[in-house]
Amino acid sequence: LGKTVQALALVQGLHGNGMAGTGLVVAPVSTLQNWKAEAARFTPALRTLVHHGSDRERDPKAFPAADLGIVSYATLRADRELFQAREWAVVILDEAQSIKNPASQSFAAVKTLKSRHRFTLTGTPLENSVIDLWAQFDFLEPGLLGSLQRFRRRFGALSTDTPDPERQRLQRIVRPFILRRTKDV
């Protein structure tokens, strides 16, 4: 199954087990309608709310009526105070490479979100450097990989071309948190 369907199954499972509160998906604007359609198709019992567009509701009371809120990274940045004012049951970042730059506004916006559970979905966890990985883990498990400065000193120059004990150490640290789909059956 795809990442979207698996994430929706997770939200449905949490909701079915008495999850209190609303889940939130943060995704690129190009995928918002896909999230809504997939939710309607695979988890029709979930009440969804797409928070996007110039006529979007800016009242925080709109979210309790939904089991799952869906918002773009850009709209999250624009309506940051609305989203950081509450605790979400679960926050899922789709195409999480969108927060790869720890100095970006998107990274800063998602870091302000309060939630009991956090997940990132991406097909490309590392695009440019190992710092991409640090940014995602700083959202998922703040402090697990240390400060950005310390991480950069220790792992910033890692090469994927040659075996390296530090790279292997980093892999051991993050492996329990990563679910990878492979072509193996």
Does at least one position in segment 96-109 carry a residue that is over 30 Å from Ser147 (Cα atoms), open to solvent by 40 Å² or more (accessible area, probe 1.4 Å) and of a type in the set (A, V, I, L, M, F, W, C)?
no
Are there any pairs, at least 6 apart or on different chains, whose C-beta atoms fall under 8 Å, with the first in segment 156-185 and within 19 Å of Phe119 (Cβ to Cβ) and of a type outside the set (S, T, N, Q) and the second at pLDDT below 75 and part of a loop (DSSP other than H, G, I, E, B), and if so, which?
Ile178/Pro125
Candidate set from segment 66-95 (those that are of a type outside the set (D, E, K, R), under 12 Å from the mean Cα position of the chain (by Cα) and in a strand (DSSP E or B)); member that is nearest to Gln12 (Cα to Cα)
Val90
The correct count of residues that are assigned to a loop (DSSP other than H, G, I, E, B), without any contact (Cβ under 8 Å) to a residue 12 or more places away in the chain and of a type in the set (S, T, N, Q) in segment 97-151 is 2
In the list Lys100, Lys36, which residue meets the criterion of being within 19 Å of Ala9 (Cβ to Cβ) and basic (Lys, Arg)?
Lys36
Can you say whether Arg58 is surrounded by 15 or more Cβ atoms within 10 Å (Cβ to Cβ), touching a residue at least 24 places away in the same chain (Cβ under 8 Å) and either of a type in the set (Lys, Arg) or not in a helix (DSSP H, G or I) (or both), as far as the supplied structure shows?
no
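The values are calculated or read from the model by the stated rules, or taken from the named source; none is laboratory data. Predicted, not measured: the structure shown is a model, and the values here were computed from it. In this analysis, Cβ positions are derived from the backbone assuming ideal geometry, glycine residues included, and neighbour counts consider all displayed protein chains. Note: accessible area is taken over every heavy atom of the protein model, side chains too, but ligands, DNA and RNA are not part of it. Shrake-Rupley method; radii C 1.70, N 1.55, O 1.52, S 1.80 Å.
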